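Colleague: Here it is, the structure, as structure tokens.
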Amino acid sequence: MTDAAEFTPYWDKRLREYQKEAIRKMREAARAGARNILICAPTGSGKTEIASCLADMNRKKGKRSAFVVDRKSLIKQTSDAFDVHGIEHRVIQAQHPRFRPSLQTQVCSAQTLARRQWPDADLIIVDEAHAMSEVVIARITPRSTRALGLTATPFTKGLGKLYDAVINVTTTNKLIEDGFLSKYRIFACAEPDMDGVKVVRGEFERTETEKRALQVVGDVVAEYLLHGEGRKFICSAVDTAHVMELQRQFLAAGVNAATYTYKDLDEDRDETVTEFRRADSAIRGLITVTAASKGFDVSDIGCVIMARPLRKSLAEHIQFFGRGLRIHPGKADCLILDHSGNCARFWDQWNHVFEHGVGENDLDTGKKREKPKFEKNPEDAMMKCPQCNRVHKAQPFCPGCGHEYPKRQAVEHVPGTLKELLAVGTPKTIAATLWPQICGFARERDKTRPSIKNDEGRGYALWLYHEIVGDFPKGQWFENTAPVPPTSEVLGKIKSVQIRSAHRRRSAAGMEARA
């Protein structure tokens with residue numbers, strides 16, 4: 001086991017604890033003999049930070065690293081990240097201004113390497129490792145060079161043969177709980193009827209899927225106008241014809257939407273992305289097939305529209321879901337408008353991955369095996385509100401509109417931990433348990449500030465409760481609530497809220513200063 005002293009002061013301060021732990025586990029696996037190591041890092045866990053640290057540490061040892069992306073469009077994103085950390089690097093791409101062969105850290109795309117000789121490297125870092133391009137497979141299969149694969153969705157057939165060990169960095173639900181990722185709300189909207197659609201290589205046949213998806217394009221636009229709140233959005237589509245029709249109808253409704261497909265010229269795509277990333281962008285939405293479904297990070301996306309039905313591609317579903325989970329100043333949550341049926345189709349699988357991550361037994365080794373079985377908890381069952389179409393885990397009430405479901409005959413479960421309470425508790429049980437603890441914390445805080453007024457204490461308590469729960473404690477009064485000392489778990493949650501709030505303030509101040 002290594003310790004934090006092995007990290008330079010810069011990285012010791014920069015990396016989160018779970019990122020450091022992932023690097024320690026990676027080293028342990030290497031010492032145990034693993035040559036190809038897969039690092040499973042969900043959206044928002046900072047896989048680029050981890051990769052940058054590893055490349056930097058390798059450089060400081062006088063060794064060479066090759067960072068391989070699966071698409072040319074991601075080269076600039078990776079290069080910019082290395083620049084942030086002061087890592088001098090070479091970009092292997094025709095006529096690229098950063099052609100500096102003497103540098104120890106190199107960034108390249110799999111497409112470029114398919115036409116060129118691989119650069120000398122002591123460490124190969126493969127981004128989006130689940131893509132499994134032929135040129136990468138051929139290079140790392142002999143295990144002559146240490147290779148690290150980075151992925152959020154390690155479900156590709158045969159991936160288990162290519163890697164010797166799996167390191168789980170953290171889980172999506174833990175990142176949401178700790179405030180590193182955004183909460184989300186899912187609405188099941190009008191979707192195409194996929195009954196009878198032919199299956200080709202495991203997925204719905206594209207031509208027929210496009211025809212059926214085109215029938216609900218009007219609903220896609222209408223639901224965004226109804227629920228979207230004008231948020232910046234990203235929308236998936238079946239193919240380019242579907243993309244163009246979606247754009248046409250969004251524009252007709254007065255919503256400025258741009259396309260991002262392989263048919264767009266490179267310079268047009270670059271210009272579109274640059275504009276879309278702007279906080280005050282004139283582009284409200286980006287419509288894509290797969291080009292922007294993974295590795296495309298714009299943190300102020302507040303709405304994800306799923307309009308491309310998938311049959312088996314869990315990885316594609318999770319990747320696209322993740323495009324809206326980045327946190328951003330002023331962003332309370334991400335809205336998922338599902339016109340594909342994917343959230344319901346993959347409900348058990350994606351919830352399992354969000355909660356538990358991926359282990360070595362979940363990787364496909366290319367051999368025939370039983371389909372992985374997920375342990376099902378009745379409280380994780382999917383429910384769809386008949387009033388507002390909100391999709392959520394089992395609760396007595398819809399968390400969106402408050403619709404009360406018929407009472408079940410089974411004994412009602414009383415949540416124990418705070419996490420469990422927030423996941424399955426009713427608004428009343430959450431308020432009854434959490435609100436007195438919040439009031440207790442706020443009153444103790446007030447004692448350290450003699451000049452504070454009672455209404456300020458009440459306001460702080462309400463703010464804290466809303467940050468944790470996402471709603472206000474209905475029917476509860478600060479003055480009339482008997483305070484209760486908060487548990488260690490609640491104190492930890494309060495601390496994470498305070499840290500997140502301070503981060504938002506610093507980010508907002510930085511944006512004002514730059515403006």
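Colleague: Counting other Cβ atoms within 10 Å, keep those with at most 15, restrict to DSSP loop, and tell me which chymotrypsin sites (Phe, Trp or Tyr not before Pro) in the stretch 231-266 are left.
Modeller: Values: sites: Phe233, Phe250, Tyr260, Tyr262; in loops: Tyr262.
Those that pass, being in a loop and sparsely packed, are Tyr262.
Colleague: Are there trypsin sites (Lys or Arg not before Pro) in the stretch 216-273 that DSSP puts in a loop and that have at most 14 other Cβ atoms within 10 Å, and which ones?
Modeller: On the way: sites: Arg231, Lys232, Arg248, Lys263, Arg269; in loops: Arg231, Lys232, Lys263.
Passing both the DSSP loop test and the Cβ count: Lys263.
Colleague: How big is the stretch 296-351 by the Kirkwood estimate over distinct Cα pairs, in Å? Walk me through the intermediate numbers first.
Modeller: Details: mean 1/r = 0.0853 Å⁻¹.
One over the average 1/r among Cα pairs gives 11.7 Å for the stretch 296-351.
Colleague: Within the chain, what whole-number % of the accessible surface is contributed by carbon and sulfur, with the 1.4 Å probe and all protein chains included in the calculation? Mind showing how you got there, number by number?
Modeller: On the way: 12980 of 25120 Å².
The computed percentage sits at 52.
Colleague: While we're on this one: Two decimals is fine: what's Rg over Rh for the stretch 1-119, C-alpha atoms, Kirkwood radius as Rh? Display every interim value, and only then the final one.
Modeller: On the way: Rg = 14.7 Å, Rh = 15.3 Å.
Computed over Cα atoms, the ratio is 0.96.
Colleague: Be a star and scan the stretch 190-208 for residues whose amide nitrogen sits under 14 Å from the point 7 Å along the Cα-to-Cβ vector of Ala222.
Modeller: Answer for the stretch 190-208: 190-192.
Colleague: Would you mind checking which residues have amide H under 5 Å from Gly149's amide H? H placed 1.01 Å from N; only 5 or more apart, or other chain.
Modeller: Residues meeting the criterion, in which the H sits 1.01 Å from N, are Ile37, Leu38, Ile39, Val126.
Colleague: Now for a separate question. Could you give P(r) for the stretch 138-223, binned at 10 Å from zero, as whole percent values over all Cα-Cα pairs?
Modeller: Each 10 Å bin holds this share of Cα pairs: 12, 23, 23, 30, 11, 1.
Colleague: From the alpha carbon gyration tensor of the stretch 78-137, can you work out the equivalent ellipsoid semi-axes (sqrt of 5 times each eigenvalue) and give them in Å, largest to smallest?
Modeller: Numbers: eigenvalues 73, 40, 24 Å².
In descending order the semi-axes read 19, 14, 11 Å.
Colleague: Ser496 to Thr207: FRET efficiency via 1/(1 + (r/R0)^6), r the Cβ-Cβ distance, R0 35 Å, to the nearest 0.05?
Modeller: Details: r = 48 Å, r/R0 = 1.38.
After rounding to 0.05, the efficiency reads 0.15.
Colleague: Only four residue types carry charge here, +1 at the Cβ of Lys and Arg and -1 at the Cβ of Asp and Glu. Report the dipole size of the chain about the Cα centre in Debye, rounded to the nearest 20.
Modeller: Value, rounded to 20: 1160 debye.
Colleague: Give the average over all directions of the projected area of the C-alpha convex hull of the chain, one decimal, in nm². The partial results should precede the final answer.
Modeller: Details: hull surface 110.4 nm².
The Cα convex hull of the chain, projected and averaged over all directions, gives 27.6 nm².
Colleague: In terms of modelled amide H atoms, which long-range or inter-chain residues lie less than 5 Å from the amide H of Val200?
Modeller: Residues meeting the criterion, in which the H sits 1.01 Å from N, are Glu205.
Colleague: Find, to one decimal place in angstroms, the Kirkwood hydrodynamic radius of the stretch 112-165, where the mean of 1/r is taken over every pair of different Cα atoms and then inverted.
Modeller: On the way: mean 1/r = 0.0858 Å⁻¹.
For the stretch 112-165, the Kirkwood estimate is 11.7 Å.
Colleague: For the stretch 136-195 and the stretch 223-244, compute the distance between their C-alpha centroids and round to whole Å.
Modeller: 24 Å
Colleague: Tell me the relative contact order for the stretch 96-161 as a rounded percent, counting alpha carbon contacts under 8 Å between residues six or more apart. Numbers along the way, then the final one.
Modeller: Working: 45 pairs, mean separation 23.0, N = 66.
With pairs under 8 Å counted, the relative contact order is 35 percent.
Colleague: State the answer as a single residue: which of Val221, Val166, Trp477 lies farthest towards the positive end of the charge dipole of the chain, with beta carbon charges of +1 for Lys and Arg and -1 for Asp and Glu, about the Cα centre.
Modeller: Val166
Colleague: Return the equivalent ellipsoid semi-axes of the stretch 246-307 as a descending list in whole Å, where each equals the square root of 5 times an eigenvalue of the C-alpha gyration tensor.
Modeller: Details: eigenvalues 50, 41, 34 Å².
Ellipsoid semi-axes (Å, largest first): 16, 14, 13.
Colleague: Turning to a different aspect of this structure: With only alpha-carbon atoms counted, please give the Rg and Dmax of the stretch 241-363, in Å.
Modeller: Looking at the stretch 241-363, its Cα Rg and Dmax stand at 15.4, 49 Å.
Colleague: Give or take rounding to whole Å, what are the principal axis extents of the alpha carbon atoms in the stretch 56-176, in descending order?
Modeller: Between the extreme Cα coordinates on each principal axis of the stretch 56-176 lie 38, 34, 29 Å.
Colleague: Can you tell me the accessible area per residue over the chain, all protein chains present, probe 1.4 angstrom, in square angstrom?
Modeller: Numbers: 25120 Å² over 515 residues.
Each residue of the chain exposes 49 Å² on average to a 1.4 Å probe.
Colleague: Also, I was wondering about something else. Dipole magnitude of the stretch 209-275 about its Cα centre, charges +1 at Lys/Arg Cβ and -1 at Asp/Glu Cβ only, in debye to the nearest 20? Present the calculation step by step, with values, prior to reporting the outcome.
Modeller: On the way: 7 positive and 13 negative charges, 72 e Å.
Once rounded to the nearest 20, the dipole reads 340 debye.
Colleague: A further question follows. How large, in Å, is the stretch 211-294 by the Kirkwood hydrodynamic radius built from its alpha-carbon pairs?
Modeller: Values: mean 1/r = 0.0772 Å⁻¹.
That comes to 13.0 Å for the stretch 211-294.
Colleague: Now a separate question. What residues have an amide H closer than 5 Å to that of Ile287, excluding those fewer than 5 places away on the same chain, when H is modeled at 1.01 Å from N in the peptide plane?
Modeller: Cys235, Ala258, Thr259, Tyr260
The values are calculated or read from the model by the stated rules, or taken from the named source; none is laboratory data. Predicted model, so just to flag it, every value in this text is computed and none were measured. With ideal geometry, Cβ positions are generated from the backbone for all residues, glycine too; neighbour counts draw on all protein chains shown. Only protein heavy atoms, including side chains, enter the accessible area calculation; ligands, DNA and RNA are left aside. Shrake-Rupley method; radii C 1.70, N 1.55, O 1.52, S 1.80 Å.
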